[in-house]
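Report on one structure; see the data block that follows.
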Amino acid sequence: MLKSVGILFTANKTRERRQRCGEEGFTLVEMLVVISIIGLIMGLVGPRVLNYLSESKVKAARIQLQSFGSALDLFYLDAGRFPSSSEGLAALVQRMPGVSAWNGPYVKGGNLPNDPWNHPYLYRSPGEHAPYDIISYGSDGQEGGTGTAADISTGNLTSAKNE
């Protein structure tokens, strides 16, 4: 009687194995369909995400220009003048000769950041339409350009707020 019970258990296990063999894993066709769907989604979503990243760098540059403007206003209140073009933005982080009432550094951290594309900002005093101009040449680092390569300056910050 014990032998017949053992044979039944063994027969049931082999039957279960045969039934599960076709159910384990995915077929090649199923995997290719899923990979194709993921590829289509990435093809549609990827460019939009990259566009948002490049737009955020432009916004970060505008915010840095506004921050420099505030720091230059504080420098003007202390020194009675804006830094010259030869002194540049460095006058915001270190005392320049001839400035007696310097209460800096006027930029947080005590060092000048580069623009989001790791190019230095250009400072001119006097500026074309204001006491000073601060310019970032955009992603290409060259004057002119369109899109993310367009120049960003303190002169076009007011028009950029309306966009």
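The values are calculated or read from the model by the stated rules, or taken from the named source; none is laboratory data. Owing to the predicted nature of the structure, the values given are computational and were not obtained by experimental measurement. Every residue, glycine as well, gets a Cβ built from its backbone with ideal geometry; the counts of neighbours run over all protein chains shown.
Here are the numbers for this structure:
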| read-out | value |
| --- | --- |
| Residue list for the range 82-106, restricted to those being surrounded by 14 or more Cβ atoms within 10 Å (Cβ to Cβ), over 29 Å from the mean Cα position of the chain (by Cα) and more than 24 Å from W117 (Cα to Cα) | F82, P83, S84, M96, V99, W102 |
| Failed item in (1) in a helix (DSSP H, G or I); (2) more than 29 Å from the chain's Cα centre (by Cα); (3) modelled with pLDDT under 90, with V34 passing the rest | (3) |
| Count - residues of the range 129-155 that are at pLDDT 85 or above and not small (G, A, S) | 7 |
| Which listed residue is charged (D, E, K, R), part of a helix (DSSP H, G or I), on the phi < 0 side of the Ramachandran plot and at pLDDT 90 or above, from D78, D73 | D73 |
